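The values are calculated or read from the model by the stated rules, or taken from the named source; none is laboratory data. Because the structure is predicted, anything quoted here is derived from the model rather than measured. Cβ sites come from the backbone with ideal geometry, for glycine too, and all protein chains shown count toward neighbours. Accessible surface is based on the protein model in full, side chains and every heavy atom, while ligands, DNA and RNA are left aside. Shrake-Rupley method; radii C 1.70, N 1.55, O 1.52, S 1.80 Å.
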Amino acid sequence: MASFQISWDAFTVFIAYLIAIAIIAYFGAKRTRTIADFVAASGALGFWTYVLLMVGSVFSGMTLIGVAGLGFTSGWANLWERVIGPAWAIAFCTILVGYKLWPLRRKYNLLTIQDYFAVRYEDPKIFRALAGIVSAVCCFAYLIGQFTAIGVVSEVILGVPYYIGSLIALVIVVGYVMTGGMFSTAWTTFLQALLFIVGVYITVPIIISWIGGWVALNELASQVPTLQNVTRKVAPDYLFGPFLDSPGSLVSTMPLVGWTFNLTLFGLTVPLGLMVVPHIINNVLCYKDVKYTRWGPIIMYVMGMLVILLTSLAGLAARVAWAQGRLEIAELTLATGEKVRWSDMAYPTIAKAALPYELFIFLLPCILAAVMSTTDRLLVTAASNISYDVIKNVFKPTISERSIMWISRVIVLIIGLGSWSLTITPQPMLAWFIWAALGIALNSFFWPVVGGLFWRRMNKHAARWSLVAGFVVTLICFATYGTRIDIPGVASIYAAFPGFIASTVVAIVLSLVTKPHSEEVLKATFTGPFLRPKSS
Amino acid sequence: MIGPLFEIGERILGMLPQTFAAFILPIVIIVIITLIWALRWTPPPE
């Protein structure tokens, strides 16, 4: 049985952080009076609040824990995740969706992306309900990863058992989302995003210099196969050792690091899935002024790319230090009884070894900030999907503002508790939860969103059935194959890829064989292969 | 030939040239695209 020693210094910093969040959330709660406030902060967010909301929503526990875990596992071999992953997604979501939807937001008072679907597809009930439910499922899967991350950092830094740390964070985040909705979410995210960005920018260079500097890190990464064989008595190719210094493998049958796996996961699912995933795409309905779409994308990209790059390097540094015998990474016993290296422990573990103690105890709030800034957004999105999109707009349009607000709060509580309960038995790499959610999001929403905005033939039949086909095929593939599909002698691909093929075929075929929407609707919704209509 | 250009990754950063190329090229392209977007940005019609 594991014994835990609580670090009281770290605990004090942790409590101070929670008090700061509670104060901000209190003012958010005071500002929240209507469902428009709760769902979309009434479209009133300023430039930096919006930019940091996007960064804070997309970079999460997955980034600081999961990406470091992936860096530990495969090093540079999955570098596409860093350069065309989350940072690309938020920049291009702002350009392709946020900019194009701006005139429609004002014209139709859009609060969620489901509002847009209702107008574009002239389908205020069925598609709205379908999209709302699938969106809530995506958020639920994503939340599991977030609570896992909270548990991991609490155990290493705070010294409390895995499930206790995640339970404390659950109570806090559910509390302020229930009371303050989107205002509390956006304002707390402003602080949280600043905290984890600065935290990563400061701590990772110290970690890299602890290894011996950038050059030493990369050169040692090339020597890991030999090092781990000598010091750890494992095979040179253990845990992708030979691929840590390369941009992946040209052998398509290699899982995780092969080019087909890289293409289907990091070239397709992560960037395009994050661009349309509900908790990100709904952010583009919350900013106050369209001018923010001008410089926002490049700022988000540079700021975000550096965060994810540095975090992955912390993971790679942990792998090098482990192979050298300088660092011990905890083992995790799976439900099957198998023991594996707990790669998600990479960042907090190497931080504990490399950082001065005074700096290390500030890492917990930084990582918690990254986790909670995404968790709160996911809870708001999932609750809005059920209460606003399904209950209010589909089943009971006459429901009062007060009732719908209370329903939203109860749903936040149920979803928070439900997703937390599934994290009590952790997995070795929480990234798989997030990638699963992104697979569902891409295969369900890519065509309804991108086809709806830019393709005049896309209609409600294509939108409905591509969503259903993508969602169902993706779930079947995950249930049948797990995380990857190995085609013997041909390729190893990410298991969500068949779902994307299915939704694409259904969207294109149904759009071509059924009638498009009327010219009047297409013109009113600015549909076509352009970002800016020629005339209003 | 741009190959020697990527040896900078090996000399200064200790990275394999192909790793440096796969890393730096997409970043440069995305930064250029988002910069052009910002410079040529005009507000959409209301």
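Quick look at the numbers
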{"item": "Contact order normalised by residue count of segment A:118-181, Cα under 8 Å, 6+ apart, percent", "result": "18 percent"}
{"item": "Dipole magnitude of segment A:35-153 about its Cα centre (Cβ charges: Lys, Arg +1; Asp, Glu -1), debye to nearest 20", "result": "280 debye"}
{"item": "Positive minus negative residues near A:Lys396 (Lys, Arg vs Asp, Glu; Cβ under 15 Å)", "result": "+2"}
{"item": "Degrees, to the nearest 10: A:401-421 long Cα axis against longest axis of chain A", "result": "30 degrees"}
{"item": "Prolate/oblate/rounded label for segment A:190-274 (Cα gyration tensor, a/c 1.5)", "result": "oblate"}
{"item": "0 to 90° range, to nearest 10: angle between helix A:214-231 axis and chain A longest Cα axis", "result": "60 degrees"}
{"item": "14 Å tail of the calculated P(r), segment A:458-536, as % of Cα pairs", "result": "69 percent"}
{"item": "Summed buried accessible area for A+B [probe radius 1.4 Å, Å², rounded to 100]", "result": "2800 Å²"}
{"item": "Charge tally in the Cβ shell below 15 Å around A:Tyr301, where Lys, Arg are +1 and Asp, Glu are -1, A:Tyr301 excluded", "result": "+1"}
{"item": "Lys, Arg +1 and Asp, Glu -1 on Cβ, resulting dipole of segment A:389-490 about Cα centre, debye, nearest 20", "result": "440 debye"}
{"item": "The protein assembly as shown - charge dipole about Cα centre, Lys and Arg +1 at Cβ, Asp and Glu -1, debye rounded to 20", "result": "1760 debye"}
{"item": "Of every Cα-Cα pair in segment A:262-357, the percent that sits beyond 22 Å", "result": "54 percent"}
{"item": "Under DSSP loop assignment and at most 13 Cβ neighbours within 10 Å, longest GluC sites (Glu not before Pro)-free interval of chain A", "result": "A:1-327"}
{"item": "Base-10 log of normalised Debye intensity for the protein assembly as shown (one unit scatterer per alpha-carbon) at q = 0.07, 0.10 Å⁻¹", "result": "-0.39, -0.81"}
{"item": "0 to 90° range, to nearest 10: angle between helix A:497-513 axis and chain A longest Cα axis", "result": "20 degrees"}
{"item": "Dimensionless Rg ratio for chain B, taking C-alpha atoms and the 2.2 N^0.38 Å reference", "result": "1.70"}
{"item": "Cβ-defined net charge surrounding A:Lys515, 11 Å radius [Lys, Arg +1; Asp, Glu -1]", "result": "+2"}
{"item": "Kirkwood Rh in Å, taken over segment A:384-526 so that all alpha-carbon pairs contribute", "result": "17.8 Å"}
{"item": "Heavy-atom accessible area per residue - segment A:120-272, 1.4 Å, Å²", "result": "32 Å²"}
{"item": "Amide H contacts of A:Gly258 (H built 1.01 Å from N, under 5 Å, at least 5 apart or other chain)", "result": "A:Ser249"}
{"item": "Farthest toward positive dipole pole in the protein assembly as shown [+1 Lys/Arg, -1 Asp/Glu at C-beta], among A:Phe500, A:Leu64, B:Pro44", "result": "B:Pro44"}
{"item": "Antiparallel DSSP beta bridges within the protein assembly as shown, as percent of all bridges there, nearest 5", "result": "80 percent"}
{"item": "Other protein chain Cβ atoms within 10 Å, averaged over every residue that makes up B:28-40", "result": "5"}
{"item": "Rotationally averaged projected area of segment A:1-128 (alpha carbon convex hull; nm²)", "result": "13.3 nm²"}
